[in-house]
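The values are calculated or read from the model by the stated rules, or taken from the named source; none is laboratory data. Since we're looking at a predicted model, the values are computed, not measured. Cβ: placed from backbone, ideal geometry, glycine included. Neighbour counts: every protein chain shown. The protein model used for the area step is the full one, side chains on, heavy atoms only, and it has no ligands, DNA or RNA in it. Shrake-Rupley method; radii C 1.70, N 1.55, O 1.52, S 1.80 Å.
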Amino acid sequence: MNEITRAAVILGAVGVGLVAVRVWVAVRARSLRNSVSTESLRPWPAVVLFTSTDCDACEPARNIVTACCPDGAVREVVYQGHADLFRSAGIRKVPAIVVIDGQGAAVGAYEGQVAGRRLASALRRAGIQ
């Protein structure tokens, strides 16, 4: 196999891998978005950040949310003291970010870190400017 063919095979494999990761992330996000119950998270529209006091990844998530969201749009729910709200909303991991539109639909739900552009897209879908 010559060098050009080998490079093409490697690039093709990397491309397939990247597509697979993007599909997996999208399916996982859709699954979380469909499983979140927003009734206990009123008032809407809202961005709800689920955190824990012992979560190292929560501070970077908090920074992204506060940088992307307008003042007053974000509510933080800390597991310690609000475990019942986590259960009623269907949140199992922290950090978790749920973007809810004015009708109570979760238009974005993310576990772990989220890219600012993905969060901005969910904010637009929710009508949060």
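So, with a 1.4 angstrom probe, what is the percent of accessible area on the chain that is carbon and sulfur? All intermediate terms of the calculation are to be shown ahead of the outcome.
On the way: 4420 of 7720 Å².
The computed percentage sits at 57.
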Longest site-free stretch - the chain; sites: trypsin sites (Lys or Arg not before Pro), DSSP loop, at most 16 other Cβ within 10 Å: 1-91
In order through the stretch 87-100: 3J(HN,Hα) via Karplus (6.51 cos²θ - 1.76 cosθ + 1.60), integer Hz, x for Gly, Pro: 4, 5, 7, x, 8, 10, 9, 10, x, 9, 10, 10, 9, 10
Distant-in-sequence amide H partners of Val78 (H built 1.01 Å from N, under 5 Å): Thr51
About the Cα centre, charge dipole magnitude for the stretch 60-129 (Lys/Arg +1, Asp/Glu -1 at Cβ), debye: 220 debye
Gaussian network model of the chain, Cα within-10 Å springs - most flexible of Ala96, Ala106, Ala83: Ala83
Solvent-accessible area of Ile10 with every protein chain in place, 1.4 Å probe, in Å² to the nearest 10: 100 Å²
Among Ser88, Ser37, Ser52, residue whose mean-square fluctuation peaks in a GNM of the chain (springs only between Cα atoms under 10 Å): Ser88
Lone cysteines, the chain (no partner Cβ under 4.7 Å): Cys68, Cys69
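With +1 on each Lys and Arg Cβ and -1 on each Asp and Glu Cβ, and nothing else charged, work out how big the dipole of the chain is about its Cα centre, in Debye to the nearest 20. Walk me through the numbers before you get to the answer.
Values: 15 positive and 10 negative charges, 91 e Å.
Dipole about the Cα centre, nearest 20: 440 debye.
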Per residue, in Å², the accessible surface of the chain once ligands and nucleic acids are set aside, probe 1.4 Å: 60 Å²
The chain - mean residue ellipticity at 222 nm from DSSP helices (-39,500 (n - 2.57) per run, n ≥ 4, rounded to 500): -16000 deg cm²/dmol
